[in-house]
Amino acid sequence: MLLCFVDESFKPDLYGFGAVMADAAQTRWLTQRMHEIVAGLHEYGVKPGAEVHAHPIFHGKGAWSAVPPRVRVKVFIDVVDAVVTSGATVLLRGSGPERLRRHQDTHGYRDRHTPEQVAFQHLLQRVDKRANELDLHALVIADERSDRDRHRERFAVYQAYGTPGTYMQTRLERLLDTVHFAPSHYSRMLQVADVVAFAWVRSQTVQERDPRQARVLAALVADIERCAYRAGVWP
C-alpha cells in the first residue's frame, strides 16, 4: 500500500498542491531523515520537535529567525535531496484563479469550481492513476484544514459518481477510505509535502530578484520535477 501525503501552497495567481507518495519503507526512511535534518540545527536554537515549515524557513521567521540564510537554504536542499534519494513519487497540481475564471466564462460553465477544488481533484486523479499503474492502493493524508469536511464530501461523491469532466474521469477506485487529515506539526511526511509544494508554487509565480536565490530554487524545482508524476497547472 502507498501513503500519499498532501499539503498546499498558494499565491494570488496560483493555488497549488504538492504531494509525496511513498510505500512503508520510504515513509520510515524519509521520516528518520527529516528528524536528522532538524537535529543538526540544534546549535541555532532549533528544537528537535520543530516543524519544517517552508514559509518561515524561507523568510527566517519564528523558530527559524536565528538560523543563517545559508543554513536555511541547506534545509531546503537536504529535504529535496532526501525525496530524490528515497525514490518516492512527487505529485504537483495547480490552478490559477483568473485563468480558471476566464476558462469557465469562455466555455459557459454553469457549475463554478474554485481553483482549490480543481487542483485537489486533479491531484487525486493522478494519485489514483499512479497507484493503478503500480497495481497498489493508496491512502491520502492531508494537512489539517478548516474545510476538511467539504473535501471528504467531495471525495465520497467522486468515488460514488466519478470525478467531473471527461478527461481522466475516475471513481478513485485505487484510493482507500476517505481523505484523512492530520496536523503537519506532528508529521514529518506532511512537512516534506509542504516544502515540495512551497518551492514549486514559488517557482511558478515569483520572479526572484537575487540571482543566487534564483539558481538555487531552479535547481531544487528541477530535482522535484524529476520525481514528479504528471505535474502541471490547469487550465
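The values are calculated or read from the model by the stated rules, or taken from the named source; none is laboratory data. Since we're looking at a predicted model, the values are computed, not measured. Cβ coordinates were reconstructed from backbone atoms using ideal geometry, including for glycine residues, and neighbour counts include every protein chain displayed. Heavy atoms of the whole protein, side chains included, go into the accessibility calculation; ligands, DNA and RNA do not. Shrake-Rupley method; radii C 1.70, N 1.55, O 1.52, S 1.80 Å.
Please report the equivalent ellipsoid semi-axes of the chain, computed as sqrt(5 x eigenvalue) of the Cα gyration tensor, largest first, in whole Å.
Working: eigenvalues 179, 89, 47 Å².
Over the Cα atoms of the chain, the semi-axes work out to 30, 21, 15 Å.
Relative contact order (percent) for the stretch 1-152, with alpha-carbon contacts under 8 angstrom and 6 or more residues of separation?
Answer for the stretch 1-152 is 35 percent.
Can you list residues from other chains, or at least 5 along the same chain, whose modelled amide H is less than 5 Å from the amide H of Ala228?
When sequence neighbours closer than 5 places are left aside, the close amide H contacts are Val90.
At 1.4 Å probe size, what's the solvent-accessible area of His185? Round to the nearest 10 Å².
Rounded to the nearest 10, that gives 80 Å².
Ignoring ligands, DNA and RNA, what percent of the 1.4 Å accessible area of the stretch 152-235 is carbon and sulfur? Each step should come with its number before you reach the end.
Numbers: 2260 of 4540 Å².
The C+S portion of the solvent-accessible surface of the stretch 152-235 is 50 percent.
Whenever you get a sec, compute what percent of the accessible area on the stretch 14-84 sits on carbon and sulfur atoms (1.4 Å probe). Before the final figure, lay out each step's value.
On the way: 1950 of 3380 Å².
Its accessible area is 58 percent carbon and sulfur atoms.
His113 to Glu173: FRET efficiency via 1/(1 + (r/R0)^6), r the Cβ-Cβ distance, R0 22 Å, to the nearest 0.05? Let's see the in-between values first.
Details: r = 22 Å, r/R0 = 1.01.
Efficiency, rounded to the nearest 0.05: 0.50.
Could you tally the net charge around Gln213, taking each other residue with its Cβ under 12 Å from the Cβ of Gln213, Lys/Arg +1 and Asp/Glu -1? Write out the running numbers ahead of the final one.
Details: positive: Arg70, Arg72, Arg202, Arg209, Arg212, Arg215; negative: Glu208, Asp210.
Local charge sum for Gln213: +4.
Across all directions of projection, what mean area in square nanometres is found for the Cα convex hull of the stretch 177-235? Could the numbers behind the result be given before it?
On the way: hull surface 23.9 nm².
Projected area, direction-averaged: 6.0 nm².
Fully extended, how many nm does the chain gain between Glu225 and Arg209 (0.36 nm per residue separation, minus their Cα-Cα distance)?
Details: separation 16, 0.36 × 16 = 5.76 nm, distance 2.24 nm.
Value of the extension gain: 3.5 nm.
If you count only protein heavy atoms with a 1.4 Å probe, what accessible area per residue comes out for the stretch 1-41, rounded to a whole Å²? Could the numbers behind the result be given before it?
Details: 1750 Å² over 41 residues.
Using a 1.4 Å probe on heavy atoms only, each residue of the stretch 1-41 averages 43 Å².
Quick check: pseudo-label points 7 Å beyond the Cα along Cα→Cβ at Ala66 and Trp234, how many nm apart are they?
Between Ala66 and Trp234, the label points sit 4.7 nm apart.
By how many degrees, between 0 and 90 and to the nearest 10, does the Cα long axis of helix 188-205 differ from the longest principal axis of the chain?
80
Given the protein chains as shown and a 1.4 Å probe, how many square angstrom of Arg152 are accessible, to the nearest 10?
80
Under a Cβ-Cβ cut-off of 12 Å, what is the net charge of the residues other than Thr163 that fall near it, where Lys and Arg count +1 and Asp and Glu count -1? Spell out each step's value before the answer.
Values: positive: Arg126, Lys129, Arg154, Arg171; negative: Asp128, Glu173.
Charge balance in the 12 Å sphere: +2.
Rounded, prolate or oblate: which one fits the stretch 128-235, using the alpha carbon gyration tensor with axes a ≥ b ≥ c (rounded when a/c is under 1.5, else prolate when a/b beats b/c, else oblate)? If you can, show how the numbers build up before the last one.
Working: a/c = 2.08, a/b = 1.67, b/c = 1.24.
It is prolate, given that a/c is not under 1.5 and a/b is the larger ratio.
Under 25 Å Cα-Cα from Lys74, which lysines qualify once same-chain neighbours fewer than 8 residues away are excluded?
Lys11, Lys47, Lys61
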